[in-house]
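Asks: Submitted below is the structure of interest, expressed as structure tokens.
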Amino acid sequence: MAASIISNKVSLSMVQISVILLGLLVIGNWAAPAGDELQEIYFETCQESCSVVRNEEEANECREKFCPNYTNYLLTGLSMQGSTPSSATSHSKEAAEFCATWILHLIRELGWQRRIRLNNQDCTCAAGKNCLA
């Protein structure tokens with residue numbers, strides 16, 4: 001009889017834990033940014049990260065051409081129609097610094113728990129000029 005009571009308490013506890021975890025999952029998804037808001041966060045953090053590019057002309061190209069196109073690519077899988085190839089910088093070390101900075105900005109904005117679609121290796125390749133595809 002004692003085993004039956006313990007078994008019922010364990011079952012009840014498991015149900016309660018399951019309900020709590022489901023609630024946390026639902027609340028976490030409600031708190032996540034919507035598609036347009038997510039695109040805005042990626043775009044703005046990309047533009048902020050262009051500040052590590054020392055050459056002003058390249059920094060402007062980073063903000064005006066690279067960020068809109070690469071942000072769209074990250075979130076939709078497609079380049080913007082009619083866009084020309086662009087990069088963040090012509091220096092590989094600056095490209096790596098740009099991508100690392102962008103990742104840090106995204107973590108700051110979205111938190112550690114959110115999956116960030118920015119891969120450092122792919123970003124460094126796309127942001128620089130010396131990448132072999």
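Nothing in this text is a laboratory measurement; each read-out follows from the coordinates by a stated rule. Keep in mind that what you see is a predicted model, and the values were worked out from it rather than measured. Note that each Cβ is placed from the backbone with ideal geometry, even for glycine, and that neighbours are counted across all protein chains shown.
Asks: Can you give me the distance in nm between label points at residue 81 and residue 116, each placed 7 Å from the Cα along the Cα-to-Cβ direction?
Replies: Result for the modelled spin labels: 3.2 nm.
Asks: In whole Hz and in residue order, list the ³J(HN,Hα) couplings for the range 94-100 that follow from phi through the Karplus curve 6.51 cos²θ - 1.76 cosθ + 1.60, θ = phi - 60°; x for Gly and Pro.
Replies: Those phi angles translate into 5, 4, 5, 5, 4, 5, 4 Hz.
Asks: Another one. Taking square-rooted eigenvalues a ≥ b ≥ c of the alpha carbon gyration tensor, is the range 40-117 rounded, prolate or oblate, where a/c under 1.5 means rounded and, failing that, a/b exceeding b/c means prolate?
Replies: Oblate, because a/c is 1.5 or more while a/b does not exceed b/c.
Asks: So how strong a dipole does the range 31-133 carry about its Cα centre when Lys and Arg Cβ are +1 and Asp and Glu Cβ are -1, to the nearest 20 debye? Numbers along the way, then the final one.
Replies: Values: 9 positive and 14 negative charges, 78 e Å.
Here the range 31-133 has a charge dipole of around 380 debye.
Asks: While we're here: In whole Hz, what ³J(HN,Hα) sequence does the range 109-115 give by Karplus (6.51, -1.76, 1.60; θ = phi - 60°), x for Gly and Pro?
Replies: 6, 9, x, 5, 6, 6, 5
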